[in-house]
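Visitor: The structure is given below, and queries will be raised subsequently.
The values are calculated or read from the model by the stated rules, or taken from the named source; none is laboratory data. Everything numeric in this text was worked out from a predicted model, so none of it was measured. Please note: Cβ atoms are built from the backbone with ideal geometry, for glycine as well, and neighbour counts cover all protein chains shown. The accessibility values were calculated without ligands, DNA or RNA, using every heavy atom of the protein model including side chains. Shrake-Rupley method; radii C 1.70, N 1.55, O 1.52, S 1.80 Å.
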Amino acid sequence: MKYDFASIEQKWQKKWEEQGIFHAQDKSDKKKFYALVEFPYPSGAGMHVGHIKAYSGLEVISRKRRMQGYNVLFPIGFDAFGLPAENYAIKNGVHPRVTTDRNIKHFTEQLKRAGFSFDWSRVIDTTDENYYHWTQWIFLKMFENDLVFRDKALVNYCPSCKVVLSNEDSQGGKCDICHSDIIQKEKDVWYLRITRYADKLLKGLDEVDYLPNIRQQQENWIGKSTGAFVNFALDGIEDKLRIYTTRPDTLFGVTFMVIAPEHPILSKYADRIRNRAELEAYQQQCQKKTEFERTQLVKDKTGVRVEGICAIHPLTGEKIPVFAADYVMMGYGTGAIMAVPAHDQRDYDFAKVYGLEIREVISGGDISAEAYTGDGPMVNSDFLNGISTKKEAISRMIGKLEQMGIGEEGVQFKMKDWAFNRQRYWGEPIPIVHCPHCGIVPVPYDQLPLKLPEVKEFEPGEGGESPLAKIESFVRCKCPRCGGNARRETDTMPQWAGSSWYFIRYVDPHCKTGIADYDKMKYWLPVDWYNGGMEHVTRHMIYSRFWHKFLYDIGEVPCPEPYAKRTAQGLILGANGVKMSKSLGNVVDPNDVIDQYGADTLRTYVLFMGDYASAAPWSEDSVKGCKRFLERVADLPGIVRGTGSTPKLESSFHKTIKKVSEDIEEMKFNTAIAAMMKLINEIFEVGQLTRDELSIFVRLLCPVAPHLCEEIWAGMGEKGLCSAAAWPEYDPAKTVDREVEIAVQINGKLRGTIKLPMDCEKDEALRLAHADERIAAQLEGKTIVKEIVVPNKIINLVVR
RNA sequence: GCCGGUGUGUCGGAAUGGCAGACGAGAUAGACUCAAAAUCUAUUAUCCGCAAGGGUGUGUGGGUUCAAGUCCCACCACCGGCACCA
């Protein structure tokens, strides 16, 4: 058969669409399977081969599931709010709505060209008011449940994008979007109290099946630590200095205290401080440093003694000096620590710079050289002396502190509350009104969606105000509570908002009465299998798990975790082995590949190129290899002879069905395809196959290369679609050969192979091994010490 | 620094403790062709040998085992996450 992929692919894409065979049924007796891929941001550049790989994994699994009789939901949509469309608007004056619609259209065409079996009747666009209506609704629900608060804060600010960024978007001190240096700026910030869900987010990981590295990244992100809070009395001051420590056992080793330069006691008791000028100068110096400089450039410790404030050791009554130093952060723990230089390297370094006492309380190290963080018998520690396990010392110390009422066990998380506003136009407006009388007032539910107004100018205002602030007709409003004149919030939500709940909307994308119909959610949720990039494992996934858990707590969704299983695909690198990027000119456009080789070849290649979860470089030559394979498949109908099974191929077919079925489940697509390549090599060696065997072959290959398989299927005179045919079954008994070739080793070295009947008796196997000429020659004059026979595997003769 | 992962031909990569290198690519030779491409056939880890055959080989060094790419210990390199986190 001539393999005219272009016309074949067009033809079958049309038929699939006409027959609507990929539409999920909301009511069905079949078992459900909900497969989710990360919906794309529809960028102007169009799709990337990385998208093709990202979607092909669950595409194959979804197609296989349908053939296995499942009711499959495999949806797609567009995460279309975001900065690029807005930046494009600023530059070219084209409204983001226009570019977004254009890009979505382009992406849709490309996705369809690849032949993905998405349910196109459920497409979501986060910028559609019928969608962001419910994004705003969830925000209001959070507001109602005290998960939203407003605070002035030093925020990460990108002077180039003129926008406030979350810690997540400004990792490494660089803006995630434009890579400019971040500066610190005081701003009003809307926060979501995600920290309230820290423990739930951590515990929930026990209920789900995420790849181990994915789970670990989430755990690191949440960053739970257990320790104790201790309240230190301050000399002559009523207030206590509360600290957090993971090493309460070292309390007797405290020789000074350190507080963050922004710690409130510094301003509260400013009049007691004798070196105010020095301290203020230091505070200013620290404020100038960005978070990046403070945390990433770990070098010399700096700090200033707070003269006039002195702590008192809760157990010894000793007076302890207090320092302000920027190696202690206001944002973690209580912003104050007890310093134990003998057993903490940072405190040790600081003590060395300021000539402070280093008091050993755990023996076993050499504290003249460095801090000792290991275990050892305790010394200089009163009631703890002699105890040599950290665990016991900690629990005794906490017991003592609790008994004295000056401390307790506690936990801390690295995760911070989520800065949720952006000074941008192209996002969901935050549905809040600022009233001079009533303060902050939520927009009533019946006024949702709060639509984005039409705007001509997209430039952010000076000082990073949202472009919405310039639209008087939007800003001016009546207070929903008192009816007086009020002003709308002009900030919008971050891009993470829309993607935090989209998987729920797919269940019922046109629902007018809520996020989705509860019964439909009960049927479809949770997502059975979610695949996406490693880069979304912490931010997007933590955020969406948080939203989902909140919705569960208020009874809006039926299950506590949104995703039952999560996997991630590896990147496709450029042919030169580095990340694809426009500037390097190594980007591969899927359109070009489809034009030249066809969608089936592209799909086959991205799955065959290597381990699905690992990064692998693009190779045009290997693409051609996949094309050759499909051409050989297209030639199979020409060598069909008869029906039933070909004796020489029978067990190979059963083995291949088993291998492909199992490998697909484990996302080992590369070996599944290799198994089919191996089988086709055998078929051409034999020179023929039966009609029934061809039927098996095309059904096995259909999830990977569906267009070609439909064409062959139709050519065989089958009535229905191959995509709707039954997945082939295998007979386990027929996957085993009657005869096996096994290795014969002498002293562990391969010395020959012999053919044996399957499950051959040990004695018979040994007899045949000894009968082999080569083996016999090797055994000449040797004494056999031991004979090992592993049935159907190997014989090892140990000789002397 | 802490935590995870990976290390196999020329390349992408296969191998429930049991014949290392499946499958694909590339290369070499041959067939077809005026020629090239495509296609087909054969060879393709490495060293010694004319050959039969033998030695060595999965980052490095040890160990367990009849048998180790696979298990254990130590180390090296690379990738990823977290990080003055108290």
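Visitor: Consider only pairs whose beta carbons are under 7 Å apart and that are at least six residues apart or on different chains; among these, list those whose first residue lies in segment A:534-548 and is open to solvent by 10 Å² or more (accessible area, probe 1.4 Å) and whose second residue is assigned to a helix (DSSP H, G or I) and not hydroxyl-bearing (Ser, Thr, Tyr).
Guide: Once the first residue is open to solvent by 10 Å² or more (accessible area, probe 1.4 Å) and sits in segment A:534-548, its partners that are assigned to a helix (DSSP H, G or I) and not hydroxyl-bearing (Ser, Thr, Tyr) give A:THR538/A:GLN217; A:THR538/A:GLN218; A:THR538/A:TRP221; A:ARG539/A:GLU168.
Visitor: Can you tell me which residue among A:ILE309, A:ILE320 is open to solvent by less than 10 Å² (accessible area, probe 1.4 Å), touching a His at 6+ places or on another chain (Cβ under 9 Å) and in a strand (DSSP E or B)? Talk me through it step by step, then tell me what you get.
Guide: Details: A:ILE309 fails: touching a His at 6+ places or on another chain (Cβ under 9 Å).
The unique qualifying residue is A:ILE320.
Visitor: Picking from A:ASP595, A:ASP519, A:ASP600, which residue would you name as being surrounded by 22 or more Cβ atoms within 10 Å (Cβ to Cβ) and not hydrophobic (A, V, I, L, M, F, W, C)?
Guide: Selected residue: A:ASP600, the only one of A:ASP595, A:ASP519, A:ASP600 that is surrounded by 22 or more Cβ atoms within 10 Å (Cβ to Cβ) and not hydrophobic (A, V, I, L, M, F, W, C).
Visitor: For segment A:640-657, what are the residues that are within 13 Å of RNA strand B (Cβ to nearest atom) and either open to solvent by 50 Å² or more (accessible area, probe 1.4 Å) or of a type outside the set (Gly, Ala, Ser) (or both)?
Guide: If the condition is that a residue be within 13 Å of RNA strand B (Cβ to nearest atom) and either open to solvent by 50 Å² or more (accessible area, probe 1.4 Å) or of a type outside the set (Gly, Ala, Ser) (or both), then A:LYS655, A:THR656 are the ones that fit.
Visitor: While we're looking at this one, here's another question. Of the residues A:ILE742, A:ILE712, A:ILE683, which single one is under 30 Å from A:LYS786 (Cα atoms), in contact (Cβ under 8 Å) with a residue 40 or more places away in the chain and open to solvent by less than 10 Å² (accessible area, probe 1.4 Å)?
Guide: A:ILE742
Visitor: Would you confirm whether or not segment A:573-580 contains a residue that is away from RNA strand B (no atom under 13 Å from the Cβ) and surrounded by fewer than 21 Cβ atoms within 10 Å (Cβ to Cβ)?
Guide: Yes: one or more hits.
Visitor: Within segment A:446-466, does at least one residue satisfy the condition of being acidic (Asp, Glu), within 22 Å of A:TRP134 (Cβ to Cβ) and outside any loop (DSSP other than H, G, I, E, B)?
Guide: yes
Visitor: Step by step: first the residues of segment A:494-516, then only those that are open to solvent by 10 Å² or more (accessible area, probe 1.4 Å) and among the polar types (S, T, N, Q), then the one that is nearest to the chain's Cα centre (by Cα). Which residue is that?
Guide: A:GLN495
Visitor: Determine the pairs where a residue that is more than 10 Å from A:VAL258 (Cα to Cα) and at pLDDT below 90, located within segment A:335-356, has a partner that is of a type in the set (A, V, I, L, M, F, W, C) and more than 7 Å from RNA strand B (Cβ to nearest atom) with Cβ atoms under 7 Å apart, the partner being 6 or more residues away or on another chain.
Guide: A:GLN345/A:ALA371
Visitor: Right, next: Out of A:PHE608, A:PHE629, I need the residue that is open to solvent by less than 60 Å² (accessible area, probe 1.4 Å), under 35 Å from the mean Cα position of the chain (by Cα) and aromatic (Phe, Trp, Tyr). Which one?
Guide: A:PHE629
Visitor: Any idea how many residues of segment A:618-633 are farther than 16 Å from A:PRO590 by Cβ, within 8 Å of RNA strand B (Cβ to nearest atom) and of a type outside the set (Lys, Arg)?
Guide: 4
Visitor: Assuming A:LEU602 fulfils every condition listed in (1) under 21 Å from the mean Cα position of the chain (by Cα); (2) outside any loop (DSSP other than H, G, I, E, B) apart from one, which condition is it?
Guide: Condition not satisfied by A:LEU602: (1).
Visitor: In segment A:361-388, how many are touching a residue at least 60 places away in the same chain (Cβ under 8 Å) and open to solvent by 50 Å² or more (accessible area, probe 1.4 Å)?
Guide: 2
Visitor: When only residues in segment A:198-248 that are of a type in the set (Phe, Trp, Tyr) and farther than 14 Å from A:PRO314 by Cα count, which is most open to solvent (accessible area, probe 1.4 Å)?
Guide: Among them, the one singled out is A:TRP221.
Visitor: One residue is enough: does segment A:213-221 have a residue meeting the conditions near RNA strand B (Cβ under 9 Å from one of its atoms), part of a loop (DSSP other than H, G, I, E, B) and either more than 19 Å from the chain's Cα centre (by Cα) or at pLDDT 90 or above (or both)?
Guide: no
Visitor: What residue, among those in segment A:157-180 that are on the phi < 0 side of the Ramachandran plot and either modelled with pLDDT of 95 or more or among the small types (Gly, Ala, Ser) (or both), is most open to solvent (accessible area, probe 1.4 Å)?
Guide: It comes out as A:SER160.
Visitor: I'm checking my understanding of the structure. Among residues of segment A:320-334 that are modelled with pLDDT of 90 or more and more than 6 Å from RNA strand B (Cβ to nearest atom), which one is nearest to A:THR245 (Cα to Cα)?
Guide: A:THR334
Visitor: For A:LYS416, only one of the following conditions fails: (1) open to solvent by 30 Å² or more (accessible area, probe 1.4 Å); (2) within 16 Å of RNA strand B (Cβ to nearest atom); (3) not in a loop (DSSP other than H, G, I, E, B). What is its number?
Guide: With (1) open to solvent by 30 Å² or more (accessible area, probe 1.4 Å); (2) within 16 Å of RNA strand B (Cβ to nearest atom); (3) not in a loop (DSSP other than H, G, I, E, B) applied to A:LYS416, the lone miss is (3).
Visitor: Name the residue, out of A:LYS53, A:LYS91, that is out of contact with any Asp or Glu (no Cβ under 9 Å at 6 or more places or on another chain) and surrounded by fewer than 15 Cβ atoms within 10 Å (Cβ to Cβ).
Guide: Exactly one residue qualifies, and that residue is A:LYS91.
Visitor: Take the residues in segment A:759-781 that are assigned to a loop (DSSP other than H, G, I, E, B) and more than 13 Å from RNA strand B (Cβ to nearest atom); name whichever of them is surrounded by the fewest Cβ atoms within 10 Å (Cβ to Cβ).
Guide: In the first step, residues of segment A:759-781 are kept if they are assigned to a loop (DSSP other than H, G, I, E, B); the result is A:759-761, A:772, A:780-781.
Checking which are more than 13 Å from RNA strand B (Cβ to nearest atom) leaves us with A:759-761, A:781.
Working: A:ASP759: 11, A:CYS760: 20, A:GLU761: 12, A:GLY781: 6.
Selected residue: A:GLY781.
Visitor: Name the single residue that is farthest from A:HIS434 (Cα to Cα) among those in segment A:184-208 being under 16 Å from the mean Cα position of the chain (by Cα) and within 16 Å of RNA strand B (Cβ to nearest atom).
Guide: Among those that are under 16 Å from the mean Cα position of the chain (by Cα) and within 16 Å of RNA strand B (Cβ to nearest atom), it is A:LEU205.
Visitor: Then there's this: Check whether at least one residue in segment A:465-473 is open to solvent by 20 Å² or more (accessible area, probe 1.4 Å), under 30 Å from A:PRO159 (Cβ atoms), modelled with pLDDT of 90 or more and in contact with a helix residue (DSSP H, G or I) (Cβ under 6 Å, 6 or more places away or on another chain), and report yes or no.
Guide: No.
Visitor: Follow-up. Restricting to segment A:129-156, name every residue that is of a type outside the set (Phe, Trp, Tyr), open to solvent by less than 60 Å² (accessible area, probe 1.4 Å) and at pLDDT 95 or above.
Guide: A:HIS133, A:THR135, A:GLN136, A:ILE138, A:LEU140, A:LYS141, A:MET142, A:LEU147, A:VAL148
Visitor: Okay, next question. Of all residues in segment A:658-671, count the ones that are in contact with a helix residue (DSSP H, G or I) (Cβ under 6 Å, 6 or more places away or on another chain), without any contact (Cβ under 8 Å) to a residue 60 or more places away in the chain and more than 9 Å from RNA strand B (Cβ to nearest atom).
Guide: 2
Visitor: Being among the small types (Gly, Ala, Ser) and either surrounded by 24 or more Cβ atoms within 10 Å (Cβ to Cβ) or modelled with pLDDT under 95 (or both) is the requirement here; does A:ALA675 meet it?
Guide: So A:ALA675 fails the test.
Visitor: I would also like to ask the following. Do we find that A:ALA568 is open to solvent by 40 Å² or more (accessible area, probe 1.4 Å) and either within 15 Å of RNA strand B (Cβ to nearest atom) or modelled with pLDDT under 90 (or both) in this structure?
Guide: no
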